[in-house]
Amino acid sequence: MNFVTGSTGLVGGYLILELLRRNEDVRALKRSSSSLDVIERIFKAYEPEHWKDYLEKIEWVDGDVLDYYSLEEAMTGVKDVYHSAGFVSYQPKDKPKIYSINQKGTENMVHAAMAQNVRKFCYVSSIAALGAPKKELDYHTEEDFFQTGESNTTYGFSKYYGEQEVWRAAEEGLKMVIVNPSVILGFGDHTKGSTKLFTKVNDGLKFYTPGATGFVDVRDVVNTMIALTQSEVSNARFILNGANASFKEVFEMIAKTFGKEPPKIEAKPWMGEIYWRLEAVKSFFTGQQALVTKETARAGQHISKYSNQKVCETLNYEFYPLHETIDHIASLLKKELD
Ligand SMILES: NC(=O)c1ccc[n+]([C@@H]2O[C@H](COP(=O)([O-])OP(=O)(O)OC[C@H]3O[C@@H](n4cnc5c(N)ncnc54)[C@H](OP(=O)(O)O)[C@@H]3O)[C@@H](O)[C@H]2O)c1
């Protein structure tokens, strides 16, 4: 039996479908408040004829990563655990929630996994846990660990502390793998997360930031997670990154596949600095989420590159080319964005 958290999100939805296609049993954690919209969208897109049959194969359990006992009970009889529940946010007001879900939630997960003697634990961390950008030509590798005091994000800290909980459990005997995906691209909720990049470009985004980062297809994320978890490899972390590209290049690829104009105006650092401040004031008075925060404005200017050599060599794996990922997602999204 496989136990999956984050089942109602982008990674969880693709992961469960892939496990079910391989005839694996899946028990999935959801909150009583969770919506099944994203997982249903994914199942309908990839299994239009059989999506209901696949959905019915899931054994759902209600719980919360902040409720230890719900986790211990949910992991009874489980072999492998995939912990992808997390909270991705760069909003300053979300700081306590970011830490509690990503750090405390992960601590609860590893304790429950050890109490239930599971075979292997796969933790979905992030490249944000690898630390601040390096010099322009240097690639981040699995050897990079956070230096406190660097210009890192709250979210990055929380994923790093989550990893520390998993490493601590490994010292106490839990067999684990940690994956550090870059920006994950997939057919998720087009109103949030990385899938929103597609909606923005389709709507005629005017500005791009000069930064660059890593991008990875969600299908590669779940394939490598399963392969690593089912392999003999343990107590190691792996960067999951399909390609390093500038935001400009990615926006141009998305615009091309939608037949739209790409954003043409480069947002200079000073524009970002003014914009996030204006957004903070607006958010304070209206209570609405800021579109750009100090952290996202600055991250958009950085150039970071990530090496995928370790996972490619360990699994003999090849990632989807970035243009193929973008064409694939756009073809699924076109129907709803037109
Ligand atoms: N998306 C990216 O680009 C990216 C990149 C690198 C790493 N990651 C990491 O990958 C993981 C999955 O990301 P994603 O993009 O799939 O996120 P997502 O679409 O936002 O989904 C998050 C999932 O976590 C669940 N969750 C949140 N708080 C929970 C709690 N207290 N108890 C139980 N479940 C809870 C959510 O449940 P509800 O439906 O109830 O909210 C949802 O199923 C996260 O750990 C994230 O940090 C993401």
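For residue 130, the stated conditions hold: it is within 13 Å of the ligand (Cβ to nearest atom), modelled with pLDDT under 95, under 23 Å from residue 177 (Cβ atoms) and not small (Gly, Ala, Ser). Within the stretch 181-200, identify whether any single residue is more than 16 Å from the ligand (Cβ to nearest atom) and either at negative phi or touching a Lys or Arg at 6+ places or on another chain (Cβ under 7 Å) (or both), and answer yes or no. Checked against the condition, which is being more than 16 Å from the ligand (Cβ to nearest atom) and either at negative phi or touching a Lys or Arg at 6+ places or on another chain (Cβ under 7 Å) (or both), the stretch 181-200 yields no hits at all.
Within the stretch 2-13, is there a residue that is free of Cβ contacts under 8 Å to residues at least 40 places away in the same chain and not in a loop (DSSP other than H, G, I, E, B)? Taking every residue of the stretch 2-13 in turn, none turns out to be free of Cβ contacts under 8 Å to residues at least 40 places away in the same chain and not in a loop (DSSP other than H, G, I, E, B).
Screening residue 93 with (1) open to solvent by 60 Å² or more (accessible area, probe 1.4 Å); (2) within 9 Å of the ligand (Cβ to nearest atom) gives one miss only, at (2).
Has the stretch 206-225 got any residue that is away from the ligand (no atom under 16 Å from the Cβ), touching an Asp or Glu at 6+ places or on another chain (Cβ under 9 Å) and of a type in the set (Ser, Thr, Tyr)? Checked against the condition, which is being away from the ligand (no atom under 16 Å from the Cβ), touching an Asp or Glu at 6+ places or on another chain (Cβ under 9 Å) and of a type in the set (Ser, Thr, Tyr), the stretch 206-225 yields at least one hit.
Exactly one of (1) surrounded by 18 or more Cβ atoms within 10 Å (Cβ to Cβ); (2) more than 22 Å from the chain's Cα centre (by Cα) is unmet by residue 57. Its number? So residue 57 meets the others, but not (1).
Applying the criterion of being small (Gly, Ala, Ser) and farther than 18 Å from residue 78 by Cα to the residues of the stretch 1-23, the residue that is surrounded by the fewest Cβ atoms within 10 Å (Cβ to Cβ) is 9. Residues in the stretch 143-193 that are open to solvent by 60 Å² or more (accessible area, probe 1.4 Å) and touching a Phe, Trp or Tyr at 6+ places or on another chain (Cβ under 6 Å): there are none.
Being among the acidic types (Asp, Glu), out of contact with any strand residue (DSSP E or B) (no Cβ under 9 Å at 6 or more places or on another chain) and within 13 Å of residue 123 (Cα to Cα) is a condition met by no residue of the stretch 68-75. Scanning the stretch 133-142 for residues that are surrounded by fewer than 20 Cβ atoms within 10 Å (Cβ to Cβ) and either modelled with pLDDT of 95 or more or not in a loop (DSSP other than H, G, I, E, B) (or both) yields a single hit, 139. Every condition in (1) in contact with a Leu (Cβ under 7 Å, 6 or more places away or on another chain); (2) free of Cβ contacts under 8 Å to residues at least 12 places away in the same chain is met by residue 113 except one, and the failing one is (2). Taken together, 29, 10, 20 contain a single residue that is among the hydrophobic types (A, V, I, L, M, F, W, C), within 18 Å of the chain's Cα centre (by Cα) and under 15 Å from residue 222 (Cβ atoms), which is 10.
The residues on offer are 78, 88, 110, and the sole one that is within 14 Å of residue 176 (Cα to Cα) and surrounded by 17 or more Cβ atoms within 10 Å (Cβ to Cβ) is 110. The residue that is nearest to the ligand (Cβ to nearest atom), among those in the stretch 18-58 that are assigned to a helix (DSSP H, G or I) and in contact (Cβ under 8 Å) with a residue 60 or more places away in the chain, is 38. Filtering the stretch 164-209 to residues that are over 22 Å from residue 296 (Cβ atoms) and in contact with a strand residue (DSSP E or B) (Cβ under 9 Å, 6 or more places away or on another chain) leaves 165, 166, 167, 169, 170, 174, 175, 176, 177, 178, 179.
The values are calculated or read from the model by the stated rules, or taken from the named source; none is laboratory data. From a predicted model like this one, the values you see are computed outputs, not experimental measurements. All Cβ positions, glycine included, derive from the backbone under ideal geometry; neighbour counts span all protein chains shown. Side chains included, ligands, DNA and RNA excluded: accessible areas come from the protein's heavy atoms. Shrake-Rupley method; radii C 1.70, N 1.55, O 1.52, S 1.80 Å.
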